[in-house]
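**Q** I have a structure here, written as structure tokens, and I will follow up with some questions on it.
No lab work stands behind these numbers, since they all come straight from the coordinates. The structure presented is a predicted model; accordingly, all values stated were derived computationally and were not measured. Don't worry about glycine lacking a Cβ; one is built from the backbone with ideal geometry, like all the others, and counts go over all protein chains shown.
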């Protein structure tokens, strides 16, 4: 065999083969083998944090990113260790994941499914991310989850509340720690009955997209089961900013409760408009008119200002919780950034740690090994009490908080107060519950 | 009947905002011949003038309250506005409560200044360029302005409430002999409608009854002839750009309590305002006002549950549907003049 007489044709062939090899995504290249996509090589492992860095949820995305950076710091042995000190699993040692230093890349979802998929794809194919996590929208979560399933990486969902994420759109490679619409309805209904009675007429305004539908369905079925009547349910465009035309007819309908199935800017505007119309000062059917916001977020409550006072809603976590896990996370986050974390930050931080812990317990980054480690995993000490990552749908089951807008806040972060911690048994449902109908997990995909 | 009255009322405040923005757009187009896609951003900046002024009034120093704890268990840092030190807590709070109406005084010079800088610094270079170029550059400017606002104020809406005296709503139903609560309308929206009517009236009076206005109208009709008479029409048109910016800014200031200002609010209004201008007739000031109120009211009717049951989704397309019908039947819009935007 001689290399001394290269021919032009040979050179072209060799060049073409080499070019094709280089052009392949990293997870299809020889160095990405080991049986699964983006198997970490060398002394580092790369995680992909896909959050909204621009667009209407940019502030929420910024808080998620802070939480991920804190999680990486703790995983690599920095800081005070945060929730690693209270987590019931002791697999994490503060030496990275499986001894590999954790590095990360970030992407901007823009809260648009196509942009989120593009940034996740780039993190997987170009940066070699072995896990993708983040997001502040169910549409984005469902889209990125499907992409991760195809690519053979794990997706740890961020803030996504639609039933569909772990319902009809669930995937074997995807996991959700955040609660969902069904749980909001199940947790809220008894509190609403206790405070407002069982003889109420509800008027729903619902954001005209997937999350809005599942939330309306969940709250309607829960409240109707306890005796409430739904007099109307009107869909509002996602792009709507002034809701006066939708709110004005509410009193004419005979309703005495307005349920705002809105999130983000929609929630801020519809609630502000409803309060402006003086609905809460009215007496209808001999009862005080009430407003309910099924999904609360502190960042949204800040946008609505004093309008949230006294209004019930649900939330996944709140910084004022007094369990050891919550206190540790608030201390860690607050010391680093100077303000308490949001629920979006909490769920993202926890997801990062849960993934790392699953890899440690599995002894491998192989997505199928991670799936096996996470399925039916029971844990505690992460701020939500005892929690189960149910294997049947990859949904976390834990206590749900019912909160109320605080009457006398002491700071811009002190906007919500916890009125009830709804026990997990009350928000648990069968995997084949009608609200979760359709779809199947399928089998895990390790990729390459 | 009460439902109809309610939706007419509802359309008035939205129509007021459309009319004010469209009025400014038409002033700029009628005088300078520029299609200004940055006009929505001026509306948004106006709203943020209210936010800024409100923050200025609340400018604080910090004291430590040992009796309360913060989220980390440290003594609570309490912000005390300097205005409390100056006027006492009660008067200080009353001034902060009235921040939005007071910010009008702050907004007018700021917006006129921004208008001058925009016109002299950028837009004047595009007078003789095609409308497509003008649209591209002003749309780009709008995106830059909203990103600047987002950088300084964040992406979340910022609550900017109206004075407490305007909280709640007026019961027109009881006044008109219908059932109580059948026609309610927030006080601040009534204020907004009255304010809009005042501004629109002032702009028309300014153009109609002052020498300056007469020259501007003459310039809008025949710029070349007015120039030949030795009048520096460009200077007057620059001033008109500043006035149009102030009108958009004032519309934004007073809108701040209706919807918490966010960096994107200008874009939300921009497209609809252009539809208003086109339906009203390019270059027609009365047309812009008429179409603003008309489309605002139509949008309200289309959002009624009874209407949506018959034609689902009509609320999202009604304005564009009406625009298509009017442009098919009256290509120059409701009150458009011959020769404007025509070959």
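**Q** What number, rounded to the nearest 500 deg cm²/dmol, is the helix-based mean residue ellipticity at 222 nm of the protein assembly as shown, given -39500 (n - 2.57) per DSSP H run of at least four residues and division by all its residues?
**A** On the way: 28 runs with 397 residues, N = 791.
That comes out to -16000 deg cm²/dmol.
**Q** Kirkwood Rh over Cα pairs of the protein assembly as shown into Stokes-Einstein at 10 °C, 1.306 mPa s: D in µm²/s? Can you show the working numbers first?
**A** Details: Rh = 28.6 Å.
Stokes-Einstein gives a translational diffusion coefficient of 56 µm²/s.
**Q** GNM on chain A, C-alpha springs below 10 Å: top fluctuator among A:309, A:406, A:282?
**A** A:282
**Q** Please compute, for peptide B:65-72, the average count of beta-carbon atoms on other protein chains lying within 10 Å of each residue's beta-carbon.
**A** On the way: counts 1, 0, 0, 2, 1, 7, 13, 9.
Mean number of neighbouring Cβ atoms from other chains: 4.
**Q** Now for a different question. Could you tell me which of rounded, prolate or oblate describes the stretch A:144-196, using a ≥ b ≥ c as the square roots of the eigenvalues of the alpha-carbon gyration tensor, with rounded for a/c under 1.5 and, failing that, prolate when a/b is larger than b/c and oblate otherwise?
**A** prolate
**Q** Separate question: Stokes-Einstein at 4 °C, 1.567 mPa s, Kirkwood radius from Cα pairs: D for the stretch B:1-127 in µm² s⁻¹?
**A** Stokes-Einstein gives a translational diffusion coefficient of 70 µm²/s.
**Q** Given R₀ = 22 Å, what would the calculated FRET efficiency be for residue A:419 paired with residue B:76, taking r from the Cβ atoms and rounding to 0.05?
**A** Values: r = 23 Å, r/R0 = 1.05.
So, using R0 = 22 Å, E works out to roughly 0.45.
**Q** Using only Cα atoms and rounding to the nearest 10 degrees, what angle (0 to 90) does helix A:324-337 make with the longest principal axis of chain A?
**A** With both axes taken from Cα atoms, the answer is about 70 degrees.
**Q** What does the average come to when, for each residue of peptide A:54-64, you count the partner chain Cβ atoms lying within 10 Å of its Cβ? Display every interim value, and only then the final one.
**A** Details: counts 3, 3, 7, 2, 5, 4, 2, 1, 2, 0, 0.
So the per-residue partner count for this stretch is 3.
**Q** Along Cα→Cβ, 7 Å out, is where each label goes; now give me the distance between the ones at residue B:197 and residue B:328 in nm to one decimal.
**A** Between residue B:197 and residue B:328, the simple spin-label model gives 3.5 nm.
**Q** For the stretch A:79-226, what does the alpha-carbon gyration tensor say about shape, rounded, prolate or oblate, given a ≥ b ≥ c as the root eigenvalues, a/c under 1.5 as rounded, and a/b over b/c as prolate? Let's see the in-between values first.
**A** Details: a/c = 3.04, a/b = 1.65, b/c = 1.84.
Here the stretch A:79-226 falls in the oblate category.
**Q** Additional query: How large is the convex hull of the Cα atoms of the stretch B:115-269 per residue, expressed in Å³ as a whole number? Walk me through the numbers before you get to the answer.
**A** Details: hull volume 26.0 nm³, N = 155.
About 168 Å³ per residue, rounded to a whole number.
**Q** Related question: Work out the P(r) tail for chain A: percent of alpha carbon pairs separated by more than 40 Å, whole number. Working shown, then result.
**A** Details: 21250 of 100128 pairs.
Result for the distance tail: 21 percent.
**Q** So the label point goes 7 Å from the Cα of residue A:93 along Cα→C-beta, right? Which residues of the stretch A:63-83 then have their backbone N under 13 Å from it?
**A** A:77
**Q** Using a Gaussian network for chain A with springs between C-alpha atoms less than 10 Å apart, which of these wobbles most: A:429, A:203, A:57?
**A** Judging by the Gaussian network model, the answer is A:429.
**Q** Can you work out the FRET efficiency for the pair residue B:180 and residue A:199, with r the C-beta to C-beta distance and R0 = 22 Å, to the nearest 0.05?
**A** After rounding to 0.05, the efficiency reads 0.55.
**Q** With chain A treated as a Gaussian network of Cα nodes joined by springs under 10 Å, which of A:325, A:338, A:135 yields the largest mean-square fluctuation?
**A** A:338
**Q** To two decimal places, what compactness ratio does the stretch B:229-273 give when its Cα radius of gyration is scaled by 2.2 N^0.38 Å?
**A** Dividing the Cα Rg of the stretch B:229-273 by 2.2 N^0.38 Å gives 1.59.
**Q** Using the beta-carbon distance between residue B:129 and residue B:105 and R0 = 25 Å, what value does 1/(1 + (r/R0)^6) give for FRET efficiency, to the nearest 0.05? If you can, show how the numbers build up before the last one.
**A** Numbers: r = 36 Å, r/R0 = 1.46.
For R0 = 25 Å, the calculated efficiency reads 0.10.
**Q** Can you give the mean number of other chain Cβ atoms that lie within 10 Å of the Cβ atoms in peptide B:151-162?
**A** Partner-chain Cβ atoms within 10 Å, mean over residues of B:151-162: 6.
**Q** Counting DSSP beta bridges in chain A, what percent are antiparallel, to the nearest 5?
**A** Within chain A, antiparallel bridges account for around 30 percent of the total.
**Q** If I model a spin label at residue B:206 and residue B:2 as a point 7 Å from the Cα along the Cα→Cβ vector, what separation in nanometres do I get?
**A** 4.2 nm
**Q** Tell me whether chain B comes out rounded, prolate or oblate; compute the Cα gyration tensor, take square roots of the eigenvalues as a ≥ b ≥ c, and use a/c under 1.5 as the rounded threshold.
**A** Judged from the Cα gyration tensor, chain B comes out oblate (a/c at least 1.5, b/c at or above a/b).
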